[in-house]
Every structure is written in C-alpha cells, then in structure tokens.
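Undergrad: After the structure tokens below, expect a handful of questions from me.
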Amino acid sequence: MFLVELRKLLTRPRTWVTIALLTSLPVIVAVFLKVSGIGPRAGSGPPFLSQVLGNGALFPVAALALILPVFLPIAVSVIAGDAVAGEASAGTLRYLLIRPVGRTRLLFTKLAITTVFVFLAVVVVAAVGYLIGGAFFGIKPLPTVSGRTIAAQDATWRTAVSVIFIAVSMLGVASIALFLSTLTDSGLGAALGAMAALVTSQVLDLLVAAESIRPYLPTHYWLSFVDLFRYPVLWHDVTRGFAIQAVYIAVFLGAAWANFATKDIES
Amino acid sequence: MSRALLTHNLTKRFGATLAVDHVDLEVHEGDLFGFLGPNGSGKTTTLRMILGLVYPTGGSIEVLGKPVPRKVRDVLPRIGTLVEGPGFYPHLSARSNLALFDAAGPGGAKRTRRARIEDALERVGLGSVGRKPFNAFSTGMQQRLGLARTLLRPHELLILDEPTNGLDPQGMRDIRALLEELVAQGTTIVLSSHLLGEVESICTRAAIINRGRLLAQDEIARLLAPTGRVRIVTDDPGEAERVLGASNGFHSVTRDAAGVALELGGASPEELNRRLVTNGVDVRELILERPTLEDVFLQLTNERGARVPG
C-alpha cells in the first residue's frame, strides 16, 4: 500500500510542479541578491539572508527560512488536504476501501506519503539552495549566527536537525489538513481550512493581547531552527517546538482516525 | 442451497430519514440477482452497507457466510464491485490504474499482474486501449474499465451497480454475454439496474425496493407469472365471444377484429381451449398474458408511493 501511494505521489505532475514552485522562490531571491549585490541589513529580513552574500554555504537554510512561513505550509496543506478528500471526490476512495485497504492503514499511509513529500520538498530546496549558493556566492566554512565558525561535520548535523525540525513542523500542518480531509469530499476545502488555521495562528502570534496562548500556537516555534546555528546551540525553543508539534500531531491525527474509521463513506 | 448474501431487518437511518427500512435480501449462490429500485430508493445505500462502506443502524448482514461489517475485510477479497460509476485516477492510463488497484490490496500476485491486466482488458473489449489517460476515456470506456477491475482476480460474488451505463447497444450485449459467462462459471452476481428489460432478460432472481422497503423478491419467472388474462386469436371472434359469454367462469370477455381477450377466472387454459373447440370455434393462438418486469415494477412502486424510475 505504501509503495502504491508512493507511486501515485511520484507519478503525479502536481507533486513536481509544487516542488518546482517551492524551489523557484529562493532561486528568484538569489538572482536578485546576486545581480544587485545588496543584501538585507544584518539583523533584518528573513533569517540568514544578510550573510548569504558573503557565504553561499548559508543559502540552503536561508532558502528553507524563505519558504517556511507561507509557501511550504500551503504546499503541505494542499497535499494533505487532498489526501482523503481527493480520493473521495475522484470516486477512488470506495474502491480502495473495497479492495480492501483498512481505513486506519489508508489514513496512516496518507500521512507517511505526506511526510515523504515534505522531506522531498525540503531536501530538494536545500540541495538547490546549496548549488545556487555555491555558484553565486561561494562556499566558505559556516559562520554561526553568534559569529563563530563551525566545522563542516558540525554544520552537517545542524542542517540535518533543521530539516527534521522543519519536517516535523510541517507534519503538524499535515495532521490538521488530514483531519479536515476526512471531514469533507473537497480537497480544496480541507486545504483552505488548514491554511485559515495557520493564518489565524500567525496573526495571534503577533498579538500582544494573545500573549498567554502564544507559546501553544502551532506556528510559534517554526523559525526556531535558527537557534540550531548558534554557538552553543540554544535548545530551549527547538525542544519546545518539537513538543508542541508532537501534541498537535497526536490530537489531530487521533481526531482524523476517530472520524474516518467510523464514517459512512458515501462518495 | 447456500446463500451468497443474506440481510435481516437491515436498516439505515440518516438523521430523520429512513433510507433503508428492515430489508431482508436473500441471494442464492449462482444467482444472477437483479436489484431494482427508483433513484433514491435505498438501493445504493444497501449495496454500500453490504460492502462495509456505510454502517447499518439496525439489522444484520451476512456475505459469503461472514458477518458484515465485523468480518468485512475477510470477505471483500472475494467480492468484485462496481458501485456508482468507476472511480479511477484521471491522469493515469488504463493499465497503470488497474496495476495500482491490484497492488493496493491482497491477492494480486505481482508475477502474474501484467497478464491478468491484459486478460481483463481483453474480456471487456479494451485490449487496444493504449496509453491514453483515464480522463480522455468516453463514458462507455470508463464503464468497461470499471468492469475490468472486477475481473483482475477471480471473485465468488460480483456486485455491479448499473454496469452497462453509457454503453452502446452492442456494448451492452457484450457485457450481458460476459455476465452470463461468469455466472455459468459459478460466480454469483448482484446486478442493480434501471434497465428492466436487461434484468428481465438475464437475471434469475430479483428484488424490488422503493422508499427503503423491500416490495418483492422472487424468481423472475414467478414475478412474471401469468396475469390470468388470455388472448385468443381466431377467424371467428364473434362466435368465440358468444360461446365464452354463455359459459360460466370466464369474465370480461372483449372482442376485436383478430380475436377475443378474457379473464380466466379459476379455469385452466386447457379447459378454455376445449370449450371453444367443442363449440366449433377454431383456435389459431391461445396466449397467456404475462406482465413485463416494467409492469410489475411500476405497479409495485406506484402502489406504495408514487415515484417513477429515473
């Protein structure tokens, strides 16, 4: 079943168009930086971008930071929102269940496939970022946000943990979208619902009046992976981020399962 | 005779609506079973409950000897289905679609997959379908591909909802021949259809449902039992009318140019014939009038709530 779903993901033009679009934003940014030679002032603009002009090695994480607030969650919402609802509206859901594929299995396979998509997207963006960064700005030893340089080996695990942190953050998004996907036969509706939840979270996160709930918002710790590039690593927000996402994943996946396993399939 | 499908008091309520109301279906092994009902009669909901897609609110289901929905995953591999139109991935070809569905569940050996797909496509007349994606198919081709999916592996029971939908007359004939061939090989088929002529010509048994209730369930031959009305073709209708009018037991004798028609009452056709011949009326034809399935269907469905099949 996993291989079948994987094949569906990889043969679907939409997958690759989405990844191409995700990659194009950092590429466009890189072209502007290269042509103008003007970067954001240090301490302003998207994370890492101010240092990219001096060192292309930072461009992979800068690229991820660029797509993280909006583009990547939209892509994940669309993929996860369509996971069950899309099958329902295409009329294929009933034939999968009759085949038979267990409902629980189908749901978790869909989550696994969304995870594959997230990793695929993140890795492609990071890899293209590395190539573009190298070609445009040159690769030097990685400086930390705190100013000290870190060795290549050290940089590798920091980047790897960043990728995992971003992927887990996106799995939080995916769980919300997947839950909505089991409620409706419209993939678009589920995706829009998940995006609305994220926008609400991002707005509340800016609101001083919402101070008391801010640490529990799903988007609050998204950019905390920046702390992985400090010396020494500031683990506090990273671990909080992992924990919050684990809660969101458990709650929404549980809700999705409870709904889908007992639902009348009328599509 | 063992039962391929049994439901007892099967009931489904959606909010205030009673979609299926205490339905007792009984499909024997080897039946080509027609399942008839107007749109919105509860037919599809019943089929979906049998397949474990919709959960009943009351009653029980037994498919191939197993209780559903509790053991539905044990029986589904033995059932092939086409429910409310074929659902396929629009951007993939016929062969890729069939391969995906075959690989998604149990019982489809990878080693034989390609051969089984070619065989199934051949049987539904799609052998030369090529590589074009499903969304470029005509309705008839989509329907044939839906049938091909049920033929990928051998099944003991086929549940087919409007299988000839969108097919041209030749296509319908091909598919009917295919269904009869499958039944001859021992498959039990439940065929839901609006085409009453189709059900009448190929089915052995049928059930009629309307507004969630089972109105009739019997062998086709018995559903279409003679109405008791007889038509007699003779050269001398006047004399025939006189003879029959004078004898007791025959009612409402009417005459036209070609002969007479009458209600047999309690008498047998043999008796009627003897009466005419002994009284010097030559009988060319004596026809027992039988209702068409359409007559039976419309009579039953109109009696209990006026609704016309769509």
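The numbers here are math on the coordinates, done by the rules we state, and not lab data. The shown structure was predicted, so the numbers you read here are calculated from the model rather than taken from an experiment. Don't worry about glycine lacking a Cβ; one is built from the backbone with ideal geometry, like all the others, and counts go over all protein chains shown.
Undergrad: Working carefully through the options B:G59, B:G52, find the one that is in contact with a His (Cβ under 8 Å, 6 or more places away or on another chain) and either surrounded by fewer than 20 Cβ atoms within 10 Å (Cβ to Cβ) or within 9 Å of chain A (Cβ to nearest Cβ) (or both).
TA: B:G59
Undergrad: So, one more: Provide a single number: the residues in the range A:160-191 that are in a helix (DSSP H, G or I), of a type outside the set (A, V, I, L, M) and surrounded by fewer than 20 Cβ atoms within 10 Å (Cβ to Cβ).
TA: At the first step, the residues of the range A:160-191 found to be in a helix (DSSP H, G or I) are A:160-183, A:187-191.
Next, from what is left, pick out any that are of a type outside the set (A, V, I, L, M): A:162, A:165, A:169, A:172, A:175, A:179, A:181-182, A:187, A:189.
Retained after the next criterion (residues that are surrounded by fewer than 20 Cβ atoms within 10 Å (Cβ to Cβ)): A:189.
Final tally of qualifying residues: 1.
Undergrad: Quick one: which of A:L21, A:L49, A:L53 is surrounded by fewer than 18 Cβ atoms within 10 Å (Cβ to Cβ), at negative phi and touching a helix residue (DSSP H, G or I) at 6+ places or on another chain (Cβ under 9 Å)?
TA: Numbers: A:L49 fails: surrounded by fewer than 18 Cβ atoms within 10 Å (Cβ to Cβ); A:L53 fails: surrounded by fewer than 18 Cβ atoms within 10 Å (Cβ to Cβ).
Every option except A:L21 fails the conditions.
Undergrad: Please verify whether B:Y89 is among the aromatic types (F, W, Y) and either away from chain A (no Cβ under 14 Å) or surrounded by 15 or more Cβ atoms within 10 Å (Cβ to Cβ) (or both), treating the condition exactly as stated.
TA: Considered against the rule, which asks whether it is among the aromatic types (F, W, Y) and either away from chain A (no Cβ under 14 Å) or surrounded by 15 or more Cβ atoms within 10 Å (Cβ to Cβ) (or both), B:Y89 comes out as yes.
Undergrad: Scan the range B:100-108 and tell me whether some residue there is more than 9 Å from chain A (Cβ to nearest Cβ) and hydrophobic (A, V, I, L, M, F, W, C).
TA: The answer is no; no qualifying residue exists.
Undergrad: Which of the strands (runs of 3 or more DSSP E) found entirely inside the range B:38-96 contain at least 3 residues meeting this: more than 19 Å from B:H155 (Cα to Cα)?
TA: So the answer is B:58-63.
Undergrad: Among (1) within 20 Å of B:P163 (Cβ to Cβ); (2) in a helix (DSSP H, G or I); (3) of a type outside the set (A, V, I, L, M); (4) more than 14 Å from chain A (Cβ to nearest Cβ), which single condition is B:R114 missing?
TA: (1)
Undergrad: Looking at the range A:1-58, what helices (runs of 4 or more DSSP H) fall wholly within it and have at least 1 residues that are within 27 Å of A:S224 (Cα to Cα) and more than 14 Å from chain B (Cβ to nearest Cβ)?
TA: Where helices (runs of 4 or more DSSP H) fall fully within the range A:1-58 and carry at least 1 residues being within 27 Å of A:S224 (Cα to Cα) and more than 14 Å from chain B (Cβ to nearest Cβ), they are A:13-36, A:49-52.
Undergrad: So in the range B:73-85, with the set limited to residues that are crowded, with 21+ Cβ neighbours inside 10 Å and within 7 Å of another protein chain (Cβ to nearest Cβ), which one is farthest from B:R113 (Cα to Cα)?
TA: In the first step, residues of the range B:73-85 are kept if they are crowded, with 21+ Cβ neighbours inside 10 Å; the result is B:75-76, B:79-83.
Filter again for within 7 Å of another protein chain (Cβ to nearest Cβ), leaving B:76, B:81, B:83.
Values: B:L76: 19, B:T81: 19, B:V83: 23 Å.
Applying the filter and picking the extreme gives B:V83.
Conditions (1) under 30 Å from A:T92 (Cα atoms); (2) part of a loop (DSSP other than H, G, I, E, B); (3) in contact with a strand residue (DSSP E or B) (Cβ under 8 Å, 6 or more places away or on another chain); (4) within 14 Å of another protein chain (Cβ to nearest Cβ), marked per residue:
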residue	(1), (2), (3), (4)
A:V226	no, no, no, no
A:Y231	no, yes, yes, no
A:H236	no, no, no, no
A:G241	no, no, no, no
A:A246	no, no, no, no
A:A255	yes, no, no, no
A:F260	yes, no, no, yes
A:I265	yes, yes, no, yes
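Undergrad: Still on this structure, please answer the following. When only residues in the range A:235-247 that are of a type outside the set (S, T, N, Q) and surrounded by 20 or more Cβ atoms within 10 Å (Cβ to Cβ) count, which is nearest to A:R158 (Cα to Cα)?
TA: It comes out as A:G241.
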